[in-house]
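First up is the structure itself, then whatever we jot down about it.
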Amino acid sequence: MNEIKRLSELFDYHILDTPEEEVFDDLAFLASVICDKPIALIGLLDKDRNWFKAKVGVDIVDSPRDISFCKFTLEKPTEVLVINDTFLDSRFKDNPMVVDGPKIRFYAGAPLISPNGFVLGTICVFDTKPGHLTDDKVKSLRILSKKVMNHFNSRKLLIEQQSKINYDAKYLRQITDYAPGVLFQFELSRSTFNFQFVSKGIKNLHKDIEPELIINKPEAFLKYVYPTDRIIFQADLKKACLNQTSFRFEFRVLNDKGEIQWYLAKGNPCYFNGQKNGWFGSFQNITQQLEYQRAMEQISFDISHILRSPVTNLLGLSNLIEEEKEHLTDYKIREYSHYIQTVSRELDTFTRGLNTIYEQKKASFSKKEID
């Protein structure tokens, strides 16, 4: 048996030096009663010791591995090791646990075998006088060893699952903390308003806002909502609460730089404790989008109003040329051409100006996104 791999498997169970557990104490007690022996142990063979997870009839934590009876089960992992009289066995007659200490005369141990075939330890019984076990009792001890391993394996699976849950929770928290805007989850009823989760993005609203502050004192958040928007903020949340519906509204925050920032609040109902009284959602900063929208509206206004004059002039000249096309003189053609050139230059100057304004706005928004 590969001792390095065996120890690695044992350590994967994360059970060495753990507190007593009732289920293992009960199995050790059953081993003592079934085998009619005063001492019973569930031991695990560490590198230098035999550590006892459960014990009956003795009050010891561990013993040196080199004098351990259980180490001999490593040689024959499929068998229950039974020593009827240690005085008659050359392997044990000079053992300190036989000569001194508890003066053990009888031993029987069933290996604890992992799914990969490694012996992790034993469930064993001792007596201070010679004895024997019937075949049924040997079989019972073997069954108990399987029960011990079943609980070990279940315990290991729970630890692994909890570790996976903790890892996933930590990973999810990192994702939500670095997601744009603010992600949140809260309970809302007629009398209570409690945040269960708030991402770190909440600090972008104001430097004094911390997730822990909002979770411990939810009403503190309203302090940062622009005064004239608080009533709407509270009213929309109350309406969502009463109707158990989603909500969507805009509100303003005066940040620590004295700037007004617009936010879009969105939330959808979900279930907590079997009741539909919770919501999850987000706050997204929409200040730049609103500024961009206003800029585009202004450009659209300029296009529709300021361009109207030169376009109207061009249409008028076009109509005159059409009406007089049969009687156009060189002089008229030159005159109309001069008007067309003047209007065209005016139109070109204006469109270039619009393009410059558009590029400046675009660069300004891009810079804000980077900042």
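The values are calculated or read from the model by the stated rules, or taken from the named source; none is laboratory data. As the structure is a computational prediction, the values presented were derived from the model and not from experiment. When we count neighbours, we look across all protein chains shown, and the Cβ atoms used for this are built from the backbone with ideal geometry, even at glycine.
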- line: Filtering the range 146-165 down to residues that are in contact (Cβ under 8 Å) with a residue 40 or more places away in the chain and either under 16 Å from K37 (Cβ atoms) or within 31 Å of the chain's Cα centre (by Cα) (or both) yields H151, F152, R155, K156, I159
message: Checking K76 against (1) under 30 Å from Q162 (Cα atoms); (2) assigned to a loop (DSSP other than H, G, I, E, B), only one condition comes out false. Which one?
response: (1)
- request: Quick one: K47 ticks every box in (1) under 22 Å from V125 (Cβ atoms); (2) assigned to a loop (DSSP other than H, G, I, E, B) except a single one, so which number is it?
  value: (1)
task: Return the only residue of I83, I113 being of a type in the set (A, V, I, L, M), surrounded by 15 or more Cβ atoms within 10 Å (Cβ to Cβ) and under 43 Å from the mean Cα position of the chain (by Cα).
output: I113
- prompt: Could you say whether any residue in the range 155-167 is surrounded by 13 or more Cβ atoms within 10 Å (Cβ to Cβ), assigned to a helix (DSSP H, G or I), of a type in the set (K, R) and touching a helix residue (DSSP H, G or I) at 6+ places or on another chain (Cβ under 6 Å)?
  reply: no
Hits in the range 1-27 - residues which are in contact with a helix residue (DSSP H, G or I) (Cβ under 9 Å, 6 or more places away or on another chain) and assigned to a helix (DSSP H, G or I): E3, R6, D12, V23, F24, L27
field: Qualifying residues in the range 143-162 (those that are among the charged types (D, E, K, R) and at pLDDT 95 or above) - the one nearest to N84 (Cα to Cα)
entry: K146
Matching residues in the range 55-73 - criterion: being in a loop (DSSP other than H, G, I, E, B) and surrounded by 20 or more Cβ atoms within 10 Å (Cβ to Cβ): S68, F69
